[in-house]
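Note sheet for the following structure.
The values are calculated or read from the model by the stated rules, or taken from the named source; none is laboratory data. Please read these numbers as outputs of a predicted model, since none were measured by experiment. Backbone-built Cβ (ideal geometry, glycine too); neighbour counts: all protein chains shown. What goes into the accessible areas is simple: the full protein's heavy atoms, side chains included, and nothing from ligands, DNA or RNA. Shrake-Rupley method; radii C 1.70, N 1.55, O 1.52, S 1.80 Å.
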Amino acid sequence: MLSLLLVTPLKLVLLALVALLGGVIWRYSATAFAGQTDKHRFLSSLLLTLSAVLLVLVSNHLLLFWLAWVAVSLSLGRLILFYPHRPRAQLAAHKKMLLARFSELLLGGAFLLLFFHYQTAQIDQLMFQVSQQPHTLTVSIAAFMLVGVAIIKCAQLPLHGWLIQVVEAPTPVSALLHAGIVNLGGILLMLFAPVLAASPSASLALLVIAGVSTLVAGLVSLTRVSIKVKLAWSTVSQMGLMLVEIALGLYELALLHLLAHSFYKAFSFLNSGNGVNHWLATQLADASVPRRCHWLAAMTTAAGLIVAVHLSVGILNSLAAGWLLWMAMTMLLLPAFTRPGAARPTRVLLSSMFALGLLGLYAAIKHSLIVFVAGGNATYLFADALALVLFVALFALSLAVQYWPHKAWVNRLFIWLNAGAYLDEWATRLTLKWWPSASLIQLQTTQWQPHKETR
């Protein structure tokens, strides 16, 4: 029995995350459904889902891992269809069901290949053999299949539509899904890191798909006004970024990203009712548009702070990750340089000190997480440069959408992004063509329309 379960340092961190988020979401749900007749049905499905996730994390046997993985999907399906008469919830559940079954077949196929090749179903022994023996075509095929599972589970484009439409489910379901279950794709690749490291081509495929998803979904989120839909598109982009970090072999950075994103998304969804108040506060705040000199000052200060911290403790090991850190610090410092007034030097000093503290905290957490993750595959210069190009494009196009909306090419881009690049419409048509549902086809032609928003 003990051989079926295994707890490693990485799994301890993930178990603590699930326990904390699960407890918060459970308490929120118990309060939100107080007095409702469906409270027991919801809480029992929530408990079943959390239990299945915990079993996935502690499993040390391929069959047990696969069964727990399937159980997560089945129990989540009950939560997605908690309001079964909502058209978009039905469509989301239908697409999720088809994608889940396909991903489970892929996962089962990868596990069978690894089992017959290495003659063991114990995951710890399997990973040891993969890391010690020469890599073969069988392992490479298994790596591609695991990448496919991760892409589906993390709702990467164009398989993202179900995640956007899941906002029709109760708010605790959105928090559970976006803060926890959608991370399982990245967790799978972390637990089976030696398999991914055995196939550079699989890592490159993951980088391209996840990188494009990060770029497009991040830009689409800028066009959304619905709070939960905006958060959902943000999740697609953030999951893509986490998968890019894994593809580059930056496992400690991916784990840090996973933890931070989980807490942020859980809070954002559970606190989404206050979104209108936050929007009003933003409208009342000073809306000074930064000029070129402000950008230059913020970027120069951010670069100086990052270089100083790097020379002290070493935080830069990737061009793409360094660019993201630079832009994050620039955006943090920019308001201090932009707002006019005699207090500007004080604001700049305080913002710089705050940014320096964040960089120190980032370095401390990043270095401490290295002991929890297995050694990643080497970060190849070509892959790193490709990720850098995608991230630069994301930053440049996001600035264009925000600051030059009336230019003709930006307006055309906005329309395309506002339609979600039309990807989900194609995915929905293909889904209903390959696996038709009479009720959903009727809903598609009468009640349900693709979710687009206006400026």
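Side notes on the structure shown:
- In plain terms, if you count all Cα to Cα distances in the range 109-158 and split them into 5 Å steps from zero, the share in each step is 4, 20, 28, 23, 12, 8, 4, 0 percent.
- Heavy-atom accessible area, probed at 1.4 angstrom with all protein chains present, ranks Val195, Val225 as Val225, Val195, highest first.
- Euclidean distance between Cα centres, the range 411-430 to the range 1-29, Å: 37
- Simple spin-label estimate for Ala396 and Ala260 gives 2.5 nm between the two label positions (7 Å along the Cα-to-Cβ direction from each Cα).
- Under 5 Å, built H, 5+ apart or other chain: amide partners of Leu5: Asn60
- Selection among Ala100, Gln129, Leu112 by position relative to the dipole of the range 78-139 gives Ala100 as farthest towards the positive end (Cβ unit charges, Cα centre).
- With R₀ fixed at 30 Å, the C-beta to C-beta distance from Ser201 to Leu316 puts the FRET efficiency at about 0.65.
- About its Cα centre, the chain has a charge dipole of approximately 1140 debye under the convention of +1 per Lys or Arg Cβ and -1 per Asp or Glu Cβ, with nothing else charged.
- Share of carbon and sulfur in the accessible heavy-atom surface of the chain [1.4 Å probe, %]: 71
- Diffusion constant of the range 322-410 at 4 °C, which comes from Stokes-Einstein with the Kirkwood Cα-pair radius and 1.567 mPa s, µm²/s: 80
- Rounded if a/c under 1.5, otherwise prolate or oblate - the range 171-232, Cα gyration tensor axes: oblate
- Taking all protein chains together, Tyr118, Tyr380, Tyr362 sort by accessible area into Tyr380, Tyr362, Tyr118, largest first [probe 1.4 Å].
- Here the simple spin-label model places points 7 Å from the Cα toward Cβ, and for Leu74 and Lys407 these points are separated by 5.3 nm.
- All-pairs alpha carbon distance profile, the range 117-207, 10 Å steps from 0, percent: 16, 41, 25, 15, 3
- Estimated Rh, the range 20-167: Kirkwood, alpha-carbon pairs, angstrom: 17.1
- Whole-number D in µm²/s for the chain (Stokes-Einstein; Kirkwood sum over Cα pairs; 25 °C, 0.890 mPa s): 105
- For the range 63-132, the fraction of alpha-carbon pairs in successive 10 Å shells from zero, as %: 18, 37, 23, 15, 6, 0
- All lysines inside 21 Å of Lys153 as judged from Cα atoms, apart from same-chain residues fewer than 8 positions distant: Lys11, Lys95, Lys96, Lys228, Lys230, Lys265
- Per residue, the accessible area of the range 22-164 comes to 42 Å², computed with a 1.4 Å probe over protein heavy atoms only.
- Between Tyr83 and any residue 5 or more places off or on another chain, the built amide H atoms are never under 5 Å apart.
- Vicinal HN-Hα couplings computed from phi for the range 201-218 (Karplus, 6.51 cos²θ - 1.76 cosθ + 1.60; Hz; Gly/Pro x): 5, 5, 5, 5, 4, 4, 4, 5, 5, 5, x, 5, 5, 4, 5, 5, 5, x
- Separation in nanometres of the label points that stand 7 Å from Cα toward Cβ, at Ala385 and Phe115: 4.4
- Solvent-accessible surface (1.4 angstrom probe) belonging to Leu250, in square angstrom, nearest 10: 10
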